[in-house]
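Peer 1: Below is the structure I would like to discuss, written out as structure tokens.
The values are calculated or read from the model by the stated rules, or taken from the named source; none is laboratory data. Everything numeric here is computed off the predicted structure, so don't read it as measured data. Don't worry about glycine lacking a Cβ; one is built from the backbone with ideal geometry, like all the others, and counts go over all protein chains shown.
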Amino acid sequence: MAKVALGCFGVLVIVLVVLLIGGCNAYNGLVRLSQDVDSKWADVEADYQRRADLIPNFVNTVAGAANFEKSTLTEITNARASVGQVKLDPSKAPTDPRQFAQFQAAQDQMTGALSRLLVVSERYPTLQATRSFQDLEAELEGTENRIVVSRRNFNDSTQAYDTAIKSFPAVLYAAAAGFTYKPYFESTPGSEKAPAVNFNFGGATPAPAQ
């Protein structure tokens, strides 16, 4: 009888050890996924900041064109100000869906304002012929492409993390361990493609970034 009890105890110990090891591995997996989301979020913030830093020089260059439409300049200036009002930690992905939605709305407003400014600028061939304007457009094109890529990577990473915390066995302890849902960018029509900013002055309009 004692041998049977001892054997059962041994089996129980083995089961507990296996569960402990499995739990540790699952926990460490969530840590890695969460850190990856934060890393991808830092890339998103860096690319958006790069775009915001380009705006003042871009606006100043465009404003130098004779009779350039003031309403367009006002719109893009206001859009940049709106972006600056949404403060999020660049080193940690947000967990508040409402705050994240405000961030996305402000950035999408900035994208739309830039799109309209580029369309209006096509009416000023002298402006488009200047080297400074062309250089800034090229920088903007590169930045918009980077934003599309960084947003897509962030979404992929966040979706993997959100799926993991809802899966067994992580769903049993994820919330208690501090692993909570993280929102990601909602897709918009055409967001799977890079923005069609036309630097050959053919009249294309940038598509919203994903």
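Peer 1: Need the failing condition index for ARG146 against (1) in contact (Cβ under 8 Å) with a residue 40 or more places away in the chain; (2) assigned to a helix (DSSP H, G or I); (3) over 30 Å from TYR181 (Cβ atoms), just the number.
Peer 2: Looking at each condition in turn, ARG146 falls short on (3).
Peer 1: I'm told PRO90 meets every condition in (1) part of a loop (DSSP other than H, G, I, E, B); (2) crowded, with 16+ Cβ neighbours inside 10 Å except one. Can you identify the failing condition by its number?
Peer 2: PRO90 satisfies every listed condition except (2).
Peer 1: Filter region 100-111 down to residues that are more than 13 Å from ARG51 (Cβ to Cβ) and out of contact with any Pro (no Cβ under 6 Å at 6 or more places or on another chain) and give me whichever is surrounded by the most Cβ atoms within 10 Å (Cβ to Cβ).
Peer 2: Out of the qualifying residues, it is PHE103.
Peer 1: Pull up region 128-139, narrow it to residues that are of a type in the set (A, V, I, L, M) and closer than 14 Å to ASN57 by Cβ, then point me to the one that is surrounded by the most Cβ atoms within 10 Å (Cβ to Cβ).
Peer 2: LEU136
Peer 1: Mind counting the residues in region 160-210 that are among the acidic types (Asp, Glu), modelled with pLDDT of 90 or more and closer than 18 Å to VAL149 by Cβ?
Peer 2: Looking only at that region, the number is 0.
Peer 1: Name the pairs whose Cβ atoms lie under 6 Å apart, with the first residue in region 72-95 and in contact (Cβ under 8 Å) with a residue 60 or more places away in the chain and over 27 Å from THR180 (Cβ atoms), the second polar (S, T, N, Q) and in a loop (DSSP other than H, G, I, E, B), and 6 or more positions between them or separate chains?
Peer 2: Cβ pairs passing all conditions: none.
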